[in-house]
Amino acid sequence: MFSGRDLRSDFPVLHQQVNGKPLVYLDNAATAQKPRPVIDALIHFYERDNSNVHRGLHALSMRATQAYEGARTRVARFVNAADPAEIIFTRGTTESINLVARGLGGRLQAGDVILTTEMEHHSNLVPWQQLARATGATLRYVPVLGNDAEGGLDLAALDTLLTPQVKVFAFTHISNTLGTINPAAHLCARARAVGAVTVIDAAQSIGHGPFDVRDLGADFVAFSGHKMCGPTGIGVLYGRRSLLDALAPDETGGGMVVSVDYAGARWKPSPERFEAGTPNVADAIALGAACDYLDQVGRDAIARHDQALGKLAFEKLSALPGIRVLGPRGERSGLVSFAFADVHAHDVVTFADEDGIALRGGHHCNQPLMRKLGLASTTRASFYLYNTEEEIDQLVTSLRRILKFFGAGM
Ligand SMILES: *Cc1c(COP(=O)(O)O)cnc(C)c1O
């Protein structure tokens, strides 16, 4: 086990003052900070190896190609994929889900069902709505439970929802608003039993613990580099090889064709088929460095650390007056979303910023869920490997100051 404090020296951005106070960065569910080895990987590439990949025969191009394909192999190992060709580099979770949704389009028709859940991020919701609209398929939602089971999925409802008409089941592994950890392996097994393809939104889970696509039995998995200590602008779509080979390419152009004549073109197999044009070489390489970093720290230990902070924050915040802390009481991921009866989330975020604390307030790209919960917005504190228990105490102190200022709930 490590302590968050020990790792902080690896993250240059953390060593600064904000509004005269040491930065307390608690907005990791939106994007994580980058450790020195990831920053160095970017600098090294641009200073030494920068070149276009794949078609080059000169030294730099061969080095760049080797590093880029090495990153693909590294990411494959990170998620225990059977084959590096199952790793497609994208811009991030959103692009990955769009790629698979559009690629599956030709296989859906009226009468088919796309199943998703009530807790999805807009990125794992709107693409499916668009696909339903385009194909005549119907959308169904697994409900989110309230009260004692708050924040969990209604698994009993799967008996009626998960029928043989369901062709796709897309769900988030960890909710970015509730902190719920969904039983992904169970959901994949249930989907497989009716022949539905699974798409897991792993944006909030991939960097926060062990992740094994084969253990989970997942067909497709989408995630972003920037939430796992990697750069922005790079993400991954994992797909089971047999499914990728049957998936239509989304973008077409250079690099993804075997041959072209004036009549048409033939596609390469995965991954090239899905990576038209010049790829994001530098950021893919740096994502490989992020995989190295997280594995070196230890992903079991990261999971324990982040979940312990999430639980502690849940307990400490629940004791504040007039607060509603969302999501499960028991096991939860390293984030807490909360709402005060009398203070708007944007005021909370602005006041916390005066204390050097970075939070996020709003609907967190979960508008339908917010409406269901009867809230316009929440404030979210989300933790990562460099956060500490002291920072949770600082958060609580700041929240008490805010409540006092507004004369709320005291
Ligand atoms: C952040 C996030 C996304 C979108 O990720 P991008 O990097 O913005 O594409 C999707 N789903 C969840 C659960 C997220 O937290």
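The values are calculated or read from the model by the stated rules, or taken from the named source; none is laboratory data. Just so we're clear, the structure is a prediction, and the values are computed from it rather than from any experiment. Note that each Cβ is placed from the backbone with ideal geometry, even for glycine, and that neighbours are counted across all protein chains shown. For the accessible areas, the whole protein counts, side chains as well, though only heavy atoms, and no ligand, DNA or RNA atoms are used. Shrake-Rupley method; radii C 1.70, N 1.55, O 1.52, S 1.80 Å.
HIS121 meets the conditions (1) more than 13 Å from the chain's Cα centre (by Cα); (2) open to solvent by 10 Å² or more (accessible area, probe 1.4 Å); (3) within 11 Å of the ligand (Cβ to nearest atom) in every case but one. The failed one is (1). Residue pairs whose Cβ atoms lie under 6 Å apart, sitting 6 or more positions apart in sequence or on different chains, and linking a residue in segment 215-234 that is modelled with pLDDT of 95 or more and polar (S, T, N, Q) to a partner that is within 12 Å of the ligand (Cβ to nearest atom) and outside any strand (DSSP E or B), are SER224/GLY92; SER224/THR93; SER224/ALA203; THR232/HIS226. Of the helices (runs of 4 or more DSSP H) entirely within segment 339-410, those holding at least 3 residues that are of a type outside the set (Val, Ile, Thr), open to solvent by 10 Å² or more (accessible area, probe 1.4 Å) and under 21 Å from GLY4 (Cβ atoms) occupy 389-405. Please verify whether segment 357-369 includes one or more residues that are more than 20 Å from SER123 (Cα to Cα) and of a type outside the set (Gly, Ala, Ser). Yes: segment 357-369 contains one or more residues that are more than 20 Å from SER123 (Cα to Cα) and of a type outside the set (Gly, Ala, Ser). Scanning segment 52-93 for residues that are free of Cβ contacts under 8 Å to residues at least 40 places away in the same chain and of a type in the set (S, T, N, Q), which turns out nearest to ASP215 (Cα to Cα)? So, considering only residues that are free of Cβ contacts under 8 Å to residues at least 40 places away in the same chain and of a type in the set (S, T, N, Q), the one nearest to ASP215 (Cα to Cα) is THR73. The lone criterion from (1) open to solvent by less than 70 Å² (accessible area, probe 1.4 Å); (2) touching a residue at least 12 places away in the same chain (Cβ under 8 Å); (3) assigned by TED's automatic domain parsing to the domain that holds GLN66 left unmet by VAL257 is number (2). Residues in segment 302-338 that are closer than 20 Å to PRO183 by Cβ and part of a loop (DSSP other than H, G, I, E, B): LEU326, GLY327, PRO328, ARG329, GLY330, GLU331, ARG332, SER333, GLY334.
Comparison of VAL100, VAL142, VAL126, VAL113 shows that the only residue that is of a type outside the set (Ser, Thr, Tyr) and in contact with a helix residue (DSSP H, G or I) (Cβ under 7 Å, 6 or more places away or on another chain) is VAL142. Taking the criterion of being closer than 21 Å to LYS227 by Cβ, touching a residue at least 40 places away in the same chain (Cβ under 8 Å) and in contact with a helix residue (DSSP H, G or I) (Cβ under 7 Å, 6 or more places away or on another chain), the residues of segment 145-187 that qualify are ALA170, PHE171, THR172, THR177, GLY179.
Hey, any hits in segment 248-255 for a residue that's away from the ligand (no atom under 16 Å from the Cβ), more than 29 Å from PRO35 (Cα to Cα) and in contact with a Pro (Cβ under 9 Å, 6 or more places away or on another chain)? Yes: segment 248-255 contains one or more residues that are away from the ligand (no atom under 16 Å from the Cβ), more than 29 Å from PRO35 (Cα to Cα) and in contact with a Pro (Cβ under 9 Å, 6 or more places away or on another chain). Being surrounded by fewer than 16 Cβ atoms within 10 Å (Cβ to Cβ) and within 16 Å of the ligand (Cβ to nearest atom) is a description that applies to GLN129.
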